Amino acid sequence: MTLTTERLLLRPQEVRDAYVFRQLWAERDERVPVHRRLDAEGHPTVAEIADDIRQESPRARPGLLTVALRETDAVIGYCGLVFDGDGERPELAFELLRAVHNRGYATEAGRAVIAWAGSAGFPRLWASVWDWNLPSRRALEKLGFVDTGTVVKTSAHGRSLLTVREPAD
């Protein structure tokens, strides 16, 4: 599955994307839980991330897509759907390199995934976001997500808020 927008190409992840995905791990805010940041030994490495991409079996459902700039094919992050433990709640997820923040790419990629999700039978989407992550919260708001008032998790890292985007009537 490949999605295109005016400025972006969203495509299945490839081993060559591992370097950029490793950069995302390195750039994560210190408030992100430890298991989602590089450890003291620098893991995951590019090789470990590449191995994970190689081992991904073809999915019956969409997953996270690599986001690249159409003009240059430069990889800038990922966007797509992930599913909760029971596989029933599709969640929009995105993460882009800091160098491309504040250019509307997350919103543009999110719109493409939302349109695809609706046509694939997933009209209602959720997204969880840390309360302190104001740029992601703004992007979700632009995409029509509304805070449900549910706190998914509370930790020393903050509160993870659940948002929902209802189907358009």
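The values are calculated or read from the model by the stated rules, or taken from the named source; none is laboratory data. Small disclaimer: the values here were computed from a predicted structure and weren't measured. Positions of Cβ are generated from backbone atoms using ideal geometry, with glycine treated the same way; all protein chains shown enter the neighbour counts.
Looking at (1) in contact (Cβ under 8 Å) with a residue 12 or more places away in the chain; (2) loosely packed, with under 12 Cβ neighbours inside 10 Å; (3) at negative phi; (4) assigned to a loop (DSSP other than H, G, I, E, B), which is the only condition D73 fails?
It fails just one condition, (3).
Give the residues of the range 117-133 that are over 15 Å from the mean Cα position of the chain (by Cα) and either of a type in the set (D, E, K, R) or assigned to a helix (DSSP H, G or I) (or both), sorted by residue number.
Within the range 117-133, G118, S119, R124, D131 qualify.
Could you check the range 9-37 and list, in sequence order, the residues that are at pLDDT 95 or above, among the basic types (K, R) and either closer than 14 Å to G77 by Cβ or in a loop (DSSP other than H, G, I, E, B) (or both)?
R11, R22, listed by residue number.
Which ones in the range 152-169 are under 19 Å from the mean Cα position of the chain (by Cα) and of a type in the set (V, I, T)?
V152, T163, V164
As an exercise: evaluate L92 against (1) at pLDDT below 95; (2) within 12 Å of the chain's Cα centre (by Cα); (3) of a type outside the set (F, W, Y) and give the number of the one condition it does not meet.
L92 satisfies all of (1) at pLDDT below 95; (2) within 12 Å of the chain's Cα centre (by Cα); (3) of a type outside the set (F, W, Y) except (1).
Before we move on, is V151 at pLDDT 95 or above and farther than 26 Å from P12 by Cβ?
Spelling it out, V151 is indeed at pLDDT 95 or above and farther than 26 Å from P12 by Cβ.
Hey, any hits in the range 103-121 for a residue that's more than 19 Å from T4 (Cα to Cα) and not polar (S, T, N, Q)?
Yes, that holds for at least one residue.
Has the range 74-86 got at least one residue that is within 20 Å of R11 (Cβ to Cβ) and in contact with a Phe, Trp or Tyr (Cβ under 6 Å, 6 or more places away or on another chain)?
yes
In a loop (DSSP other than H, G, I, E, B), at pLDDT below 95 and not small (G, A, S): is that true of E6 in this structure?
No, not satisfied.
For E141, are the conditions met, namely being assigned to a helix (DSSP H, G or I) and touching an Asp or Glu at 6+ places or on another chain (Cβ under 8 Å)?
Spelling it out, it is not the case that E141 is assigned to a helix (DSSP H, G or I) and touching an Asp or Glu at 6+ places or on another chain (Cβ under 8 Å).
Checking K153 against (1) assigned to a helix (DSSP H, G or I); (2) surrounded by fewer than 18 Cβ atoms within 10 Å (Cβ to Cβ); (3) not small (G, A, S): exactly one of these is not met. Which one?
Going through (1) assigned to a helix (DSSP H, G or I); (2) surrounded by fewer than 18 Cβ atoms within 10 Å (Cβ to Cβ); (3) not small (G, A, S) one by one, K153 breaks only (1).
Quickly run through the range 87-116 and pick out the residues that are in a helix (DSSP H, G or I) and either among the polar types (S, T, N, Q) or more than 26 Å from A18 (Cβ to Cβ) (or both). Before the answer, list the steps.
First, the residues of the range 87-116 that are in a helix (DSSP H, G or I): 98-100, 105-116.
Passing the criteria: T107, R111, I114, A115.
What pairs come up if the first residue lies in the range 112-132 and is more than 17 Å from G149 (Cβ to Cβ), the second is assigned to a loop (DSSP other than H, G, I, E, B) and not basic (K, R), and their beta carbons are under 6 Å apart, counting only those six or more places apart or on different chains?
Every condition considered, the pairs that remain are A112/T5; P123/P167.
Here are E56, E71: which of them is more than 14 Å from the chain's Cα centre (by Cα) and at pLDDT 95 or above?
Within the list E56, E71, the selection yields E71.
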